[in-house]
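See below for the structure under consideration.
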Amino acid sequence: MAEKPVWEQIGTGFVQHYYQQFDTNRMNLADIYTDSSCLTWEGEGFQGKNAIMGKLSSLPFKTIQHSITAQDHQPTPDSCVLSMVVGQLKADEDQVMGFHQMFLLKNIDNKWICSNDVFRLALHNFGQ
Amino acid sequence: MGDRPIWEQIGSSFVQHYYQVFDTDRTQLGAIYTGESCLTWEGQQFQGKAAIVEKLSSLPFTKIAHSITAQDHQPTPDSCILSMVVGQLKADDDQVLGFHQTFLLKSYSSAWVCTNEIFRLALHNL
């Protein structure tokens, strides 16, 4: 049985950690970002760890649960790891919604941090 | 009115070009990839321009139309551009399906190429 490529191990490990922390106590996510990290959350941009954690902590739900439908990981030319997640989430008593998230991971001082994070709910225009 | 950031201009242009070519003649997409580009299409990996164009050309539909719901672009620490697209597509007379796609763009000799691409249909376990 062949081992998974290293970028897949890193990506999968990160994704598991991210959603586990997000769903239990998302303030623990501060460690994965640096001052140069960028987050785009539903079209709004946030730059740097503080701004990003400010946004995540202000999200207006008490309970949140993510369920991953699929995740894909690739190595990039600059030795980063690109991860894409498609899944569903449920916040408080709201209906289940699809979401899509992308992470770019970079190794800085032997630690994998998230330099780029983009999140969108899968809400399409109705009535084409 | 401020100009959009450069990465957003490049990302939006790329996205517009990509789906326009995909929907009219996807065999022409070769120019955006290099020998090192990676595509993951519904979980299957393809490496390099030839393998990628072959996969895209062999997709089993005659007509395809993409509709973009939202797109986001960010600059990366290594001067690349990360673009994420959420949208819907219709192949032949099939039902409309949601899709998610991610592109990493890099500038080589003054041209922006796609080094990494990931595509997934929005089909969740029921």
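The values are calculated or read from the model by the stated rules, or taken from the named source; none is laboratory data. It should be emphasised that the depicted structure is a prediction, and the values quoted were computed from it without experimental measurement. Don't worry about glycine lacking a Cβ; one is built from the backbone with ideal geometry, like all the others, and counts go over all protein chains shown. Just so you know, the surface numbers come from the protein's heavy atoms only, side chains and all, with ligands and any DNA or RNA stripped out. Shrake-Rupley method; radii C 1.70, N 1.55, O 1.52, S 1.80 Å.
Run A:M27 past the list (1) part of a strand (DSSP E or B); (2) touching a Ser or Thr at 6+ places or on another chain (Cβ under 7 Å); (3) open to solvent by 10 Å² or more (accessible area, probe 1.4 Å) and report the number of the one that doesn't hold.
Unmet for A:M27, out of (1) part of a strand (DSSP E or B); (2) touching a Ser or Thr at 6+ places or on another chain (Cβ under 7 Å); (3) open to solvent by 10 Å² or more (accessible area, probe 1.4 Å): (1).
Any residue at all in the stretch B:113-125 that is without any contact (Cβ under 8 Å) to a residue 60 or more places away in the chain, closer than 29 Å to A:L89 by Cα and in contact with a Ser or Thr (Cβ under 6 Å, 6 or more places away or on another chain)?
yes
Tell me the residue from B:S110, B:S83 that is modelled with pLDDT of 95 or more and not charged (D, E, K, R), please.
Just one listed residue meets the conditions, B:S83.
Suppose we filter B:F46, B:F22 for residues that are at pLDDT 95 or above, under 14 Å from B:T115 (Cβ atoms) and touching a strand residue (DSSP E or B) at 6+ places or on another chain (Cβ under 7 Å); which single one remains?
B:F46
Got at least one residue in the stretch A:48-68 being free of Cβ contacts under 8 Å to residues at least 40 places away in the same chain and assigned to a strand (DSSP E or B)?
yes
Could you identify the single residue in A:D78, A:D35 that is over 24 Å from A:A122 (Cβ atoms), within 14 Å of chain B (Cβ to nearest Cβ), free of Cβ contacts under 8 Å to residues at least 60 places away in the same chain and loosely packed, with under 13 Cβ neighbours inside 10 Å?
The match here is A:D35.
When you check B:T115 against the structure, is it touching a Leu at 6+ places or on another chain (Cβ under 9 Å), within 7 Å of chain A (Cβ to nearest Cβ) and open to solvent by 10 Å² or more (accessible area, probe 1.4 Å), yes or no?
The answer is no for B:T115.
Restricting to the stretch A:43-75, give me the number of residues that are at pLDDT below 95 and either under 21 Å from A:N110 (Cβ atoms) or open to solvent by less than 10 Å² (accessible area, probe 1.4 Å) (or both).
Adding up the residues that qualify gives 0.
Give just the number: which of (1) within 14 Å of chain A (Cβ to nearest Cβ); (2) open to solvent by less than 40 Å² (accessible area, probe 1.4 Å); (3) in contact (Cβ under 8 Å) with a residue 60 or more places away in the chain does B:T76 not satisfy?
Result: B:T76 passes all but (3).
Name every residue in the stretch A:107-123 that is open to solvent by 40 Å² or more (accessible area, probe 1.4 Å) and either facing chain B (nearest Cβ under 10 Å) or in contact with a strand residue (DSSP E or B) (Cβ under 9 Å, 6 or more places away or on another chain) (or both), in order of residue number.
A:N107, A:I108, A:W112, A:R120, A:L123
Tell me, yes or no, whether the stretch B:92-109 has at least one residue that is open to solvent by 50 Å² or more (accessible area, probe 1.4 Å), outside any helix (DSSP H, G or I), facing chain A (nearest Cβ under 9 Å) and farther than 20 Å from A:Q74 by Cα.
yes
Inspect the stretch A:91-102 for any residue being in a strand (DSSP E or B), β-branched (V, I, T), under 29 Å from B:Q44 (Cα atoms) and within 14 Å of chain B (Cβ to nearest Cβ) and give the result as yes or no.
Within the stretch A:91-102 (the criterion being in a strand (DSSP E or B), β-branched (V, I, T), under 29 Å from B:Q44 (Cα atoms) and within 14 Å of chain B (Cβ to nearest Cβ)), the answer is no, since none of the residues qualifies.
Counting only residues that are over 22 Å from B:H73 (Cα atoms) and open to solvent by less than 60 Å² (accessible area, probe 1.4 Å), which one in the stretch A:81-90 is farthest from the other protein chains (Cβ to nearest Cβ)?
Applying the filter and picking the extreme gives A:L89.
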